[in-house]
Amino acid sequence: MGNQETIVDKIWNKHVVHAEKGKPDLLYIDLHLVHEVTSPQAFEGLHMNNRKVRRPDLTYATMDHNVPTKNRDVVKDEIANKQMETLRENCEKNGIALADMYHPDQGIVHVIGPQLGLTQPGKTIVCGDSHTSTHGAFGALAFGIGTSEVEHVLATQTLWQEQPKTLNVQVKGDLGAGVTAKDLILAIIAKFGVRFGTGYVIEYTGDAVRNLSMEERMTVCNMSIEAGARAGLISPDEKTVEFLRGKEYVPSGEAFDELAESWLALATDEGAVYDKTVTIHAEEIEPQVSWGTNPGMCVPVSGRTPVLNEVEYKEDVQRALEYMGLKENQPITSIEIDHVFIGSCTNSRLSDLKKAAAIVEGKQVKSSVRAIVVPGSFSVKLQAEKEGIDTIFKQAGFEWREAGCSMCLAMNDDIVPHSGRCASTSNRNFEGRQGNGARTHLVSPEMAAAAAIEGHFVDVRTIAGVPN
Amino acid sequence: MEAIQKHTGLVYPMNRTNVDTDQIIPKQFLKRIERTGFGQFLFYHWRFDEEGKKRPDFGLNKAEYNNASVLIAGENFGCGSSREHAPWALLDYGFRVVIAPSFADIFYNNALKNGIIPIQMEKEQVDLWMRQAEETEFTLEVDLKEQRIRDAKHNAVYFDIPAYHKEKLLNGWDEIALTLKLEDKIEAYEMR
Ligand code: SF4
């Protein structure tokens, strides 16, 4: 007894640069990802104080939040243009690698990190974006930071951090057919609430998690922040190693084998103690649909919107129902949608697109619905086109776009109109997230695809040929 | 960052839980490349209707809260996006203190880095102040050094804040300058 450590302990202990009683630890950062929206003020701060970027070689930038996904050459918004130009100048001036919107490596920052092999087990990874938790799928300690912290990392390659508590989310059993990683994480947040992870790093464990592919693990870790946790991770295993083999920023040959061995050794030791453990049974999880204005406001597709007299925070629920234009006790399958968005760092990787395509193949998007697919990266788009997935979507009546964040936060032209209702594979259903007055329902790619065809929510498991 | 030792101000009660940073400052206002000028966009869609007119029923638009500088809110304040534009907007609008039963981690950090005092306080106490601020003109005096909040009748309540954060706020320290004093340690780490 005594020496068993969690993966969080192991990564933490390796990265402490300076520790002092009564203070947070000074933690070294291995990879700093940068995008156009949260970095300009950080670079400006550096510049004003005559400081330079300490480790441009550990910094990697892309443009994703603002980029147009219809026609790259038409950035209608002058201010967005300025922001992208500013990033380009900052990267040039400081010698930082940049995948701009015409670069083959461009994409949503959390999609390209793993795809390029920049994301690796055991690394400390930060980005001025809360969904940095995505990279935890590889057994990295990855978390979102604010712009002041971006500036701090640029200048020092370190961050002051309190050692987080560890929370084991144990997923017993296995997910049923047609139930996805997205449903799993939505069900976890619905069950334990949007605050249960605050102050913790979540480690997802259990058979159901082990059985997930790397892309599915990314979907789960992505939404850790929606549970209040800054980071969520999964101990590396053979799947992790195989995913990274041959990636651009990963060494090859013997060096890879050595690295792989050290990665596997990071896994949480048998018997290690967590500060808290919660358990959920995978068999009990159904496809999920969010009905309200935070990701915890979510029910199984067979369920109904809440009954006001049965809930704890009645005012919040009432306000959410009002905003969403829904009544209490309304069956989820009766909700009609007019927009479908398949994309975002939660669900825009090749496997997501393939699973959605399998549902829409040979069918037509309901005439009242506008549906778009936005691949997570240029490379995902290219590969999908090679495999003819774009054709399946286009023939079904979907728009096929260039890579970017797009309708996930609607900072570019991809906006859900006021009172519009969207089945979205993204991660946030906050008021106005997809456009002022827009109503967002969070679902899996399969559920979004099925809703596009039917014009309302349907249990994807009732559709023939649902891939598991 | 501007140092802050003591602040006395009018309380604005926002009786909502899970106020996310998308509400504090909607994304269409994140395109500026400066840190200033975000106050006009604070709680934009709650304050203004589609035509950009003030919504008269929204609390912050009411005359009695015109000069509010202490915000009291429900649980999990500042959840969601990591955008530091949220504390920039609050500060620019005039808020120096936010009191809530709980905060989202990233927002809490971001607030501290910008000279806003985020105060975590038991829900019962928050609810009590919330009601008082809803009923009458209600001011609180926040003394960071003493870690004490007092109302006009001098009822005092004490709050917790990590010593390290407190010191930084009190002195308005530039954190990067502090870290750079440890540069030899960073170098040594890099040589390992
Ligand atoms: S896809 Fe959405 S959640 Fe992900 S980084 Fe972009 S805006 Fe953020």
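The values are calculated or read from the model by the stated rules, or taken from the named source; none is laboratory data. Every value quoted in this text rests on a predicted model; they were computed, and no experiment measured them. Cβ atoms come from the backbone with ideal geometry, glycine included; neighbour counts cover every protein chain shown.
State which residue pairs qualify: first residue within 10 Å of A:SER377 (Cβ to Cβ) and inside segment A:108-124, second residue part of a helix (DSSP H, G or I) and of a type in the set (Gly, Ala, Ser) in any location, beta carbons under 7 Å apart, and separation of 6 or more residues or different chains. Within 7 Å, the pairs are A:GLN115/A:SER379. Scan segment B:67-90 and tell me whether some residue there is away from chain A (no Cβ under 12 Å), farther than 24 Å from B:LYS6 by Cβ and surrounded by 15 or more Cβ atoms within 10 Å (Cβ to Cβ). Looking through segment B:67-90, none of the residues is away from chain A (no Cβ under 12 Å), farther than 24 Å from B:LYS6 by Cβ and surrounded by 15 or more Cβ atoms within 10 Å (Cβ to Cβ).
Filtered by the rule that a residue be within 8 Å of chain A (Cβ to nearest Cβ) and within 11 Å of the chain's Cα centre (by Cα), segment B:91-102 gives no residues.
Please verify whether B:PRO13 is more than 8 Å from every other protein chain (Cβ to nearest Cβ), more than 12 Å from the chain's Cα centre (by Cα), more than 30 Å from A:VAL67 (Cβ to Cβ) and part of a loop (DSSP other than H, G, I, E, B), treating the condition exactly as stated.
no
Of the residues that make up segment A:329-352, is at least one away from chain B (no Cβ under 14 Å), of a type in the set (Lys, Arg) and more than 16 Å from the ligand (Cβ to nearest atom)? No, segment A:329-352 has no match at all. Summed over segment A:395-420, the residues that are more than 12 Å from the ligand (Cβ to nearest atom) and either closer than 22 Å to A:VAL194 by Cβ or of a type in the set (A, V, I, L, M) (or both) give a count of 3. Once segment A:68-113 is narrowed to residues that are β-branched (Val, Ile, Thr), more than 16 Å from the ligand (Cβ to nearest atom) and touching a helix residue (DSSP H, G or I) at 6+ places or on another chain (Cβ under 9 Å), the residue that is nearest to A:LEU33 (Cα to Cα) is A:ILE96.
Restricting the first member to segment B:74-102 and to residues that are outside any loop (DSSP other than H, G, I, E, B), and the second to residues that are among the acidic types (Asp, Glu), the beta-carbon pairs closer than 8 Å and six or more apart or on different chains are B:CYS79/B:ASP20; B:ALA100/B:GLU75.
Whether a residue is away from the ligand (no atom under 16 Å from the Cβ), within 18 Å of A:SER426 (Cβ to Cβ) and modelled with pLDDT of 95 or more was assessed, and A:ILE372 does not pass this test.
Here is a yes/no grid of residues against (1) closer than 28 Å to A:PRO114 by Cα; (2) surrounded by fewer than 24 Cβ atoms within 10 Å (Cβ to Cβ); (3) in contact with a His (Cβ under 6 Å, 6 or more places away or on another chain); (4) at pLDDT below 95:
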{"residue": "A:GLY388", "(1), (2), (3), (4)": "yes, yes, no, no"}
{"residue": "A:PHE393", "(1), (2), (3), (4)": "yes, no, no, no"}
{"residue": "A:PHE398", "(1), (2), (3), (4)": "yes, yes, no, no"}
{"residue": "A:ASP413", "(1), (2), (3), (4)": "yes, yes, no, yes"}
{"residue": "A:SER426", "(1), (2), (3), (4)": "yes, no, no, no"}
{"residue": "A:VAL443", "(1), (2), (3), (4)": "yes, no, no, no"}
{"residue": "A:MET447", "(1), (2), (3), (4)": "yes, no, no, no"}
{"residue": "A:ILE463", "(1), (2), (3), (4)": "no, yes, no, yes"}
{"residue": "A:PRO467", "(1), (2), (3), (4)": "yes, yes, no, yes"}
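Quick check, is A:GLN120 more than 13 Å from chain B (Cβ to nearest Cβ) and within 16 Å of the ligand (Cβ to nearest atom)? In short, no.
Please determine, by comparing only the residues of segment A:123-135 that are in a loop (DSSP other than H, G, I, E, B) and over 13 Å from the mean Cα position of the chain (by Cα), which one is farthest from the ligand (Cβ to nearest atom).
To start, the set of residues in segment A:123-135 that are in a loop (DSSP other than H, G, I, E, B) comprises A:123, A:128-129.
With the extra rule that they be over 13 Å from the mean Cα position of the chain (by Cα), the set shrinks to A:123, A:128.
On the way: A:LYS123: 19, A:GLY128: 10 Å.
Of everything passing the filter in segment A:123-135, A:LYS123 is farthest from the ligand (Cβ to nearest atom).
Would you check which residues across segment B:50-60 are on the phi < 0 side of the Ramachandran plot and either outside any helix (DSSP H, G or I) or surrounded by fewer than 16 Cβ atoms within 10 Å (Cβ to Cβ) (or both) and list them?
The answer is B:GLU50, B:GLU51, B:LYS53, B:LYS54, B:ARG55, B:PRO56, B:ASP57, B:PHE58.
Please verify whether segment A:67-80 includes one or more residues that are modelled with pLDDT of 95 or more, assigned to a loop (DSSP other than H, G, I, E, B), within 14 Å of chain B (Cβ to nearest Cβ) and over 24 Å from the mean Cα position of the chain (by Cα). No; the residues of segment A:67-80 include none that is modelled with pLDDT of 95 or more, assigned to a loop (DSSP other than H, G, I, E, B), within 14 Å of chain B (Cβ to nearest Cβ) and over 24 Å from the mean Cα position of the chain (by Cα). Restricted to segment A:136-229, the set of helices (runs of 4 or more DSSP H) holding at least 2 residues that are at pLDDT 95 or above and within 14 Å of chain B (Cβ to nearest Cβ) comprises A:147-156, A:181-192.
Those strands (runs of 3 or more DSSP E) of segment A:266-362 in which 3 or more residues are surrounded by fewer than 21 Cβ atoms within 10 Å (Cβ to Cβ), on the phi < 0 side of the Ramachandran plot and modelled with pLDDT of 95 or more occupy A:276-281. Out of B:ILE106, B:ILE116, one residue alone is modelled with pLDDT under 95, surrounded by 22 or more Cβ atoms within 10 Å (Cβ to Cβ) and within 14 Å of another protein chain (Cβ to nearest Cβ). It is B:ILE106. Within segment A:32-47, the set of residues being within 16 Å of the ligand (Cβ to nearest atom) and either part of a loop (DSSP other than H, G, I, E, B) or closer than 26 Å to B:TYR164 by Cβ (or both) comprises A:HIS32, A:GLU36, A:VAL37, A:THR38, A:SER39. Every condition in (1) surrounded by fewer than 20 Cβ atoms within 10 Å (Cβ to Cβ); (2) assigned by TED's automatic domain parsing to the domain that holds A:HIS15; (3) not hydrophobic (A, V, I, L, M, F, W, C) holds for A:SER148 except the one numbered (1). Being in contact with a strand residue (DSSP E or B) (Cβ under 8 Å, 6 or more places away or on another chain), of a type in the set (A, V, I, L, M) and not assigned by TED's automatic domain parsing to the domain that holds A:GLY136 is the requirement here; does A:ILE189 meet it? Judged against the criteria, A:ILE189 is a match.
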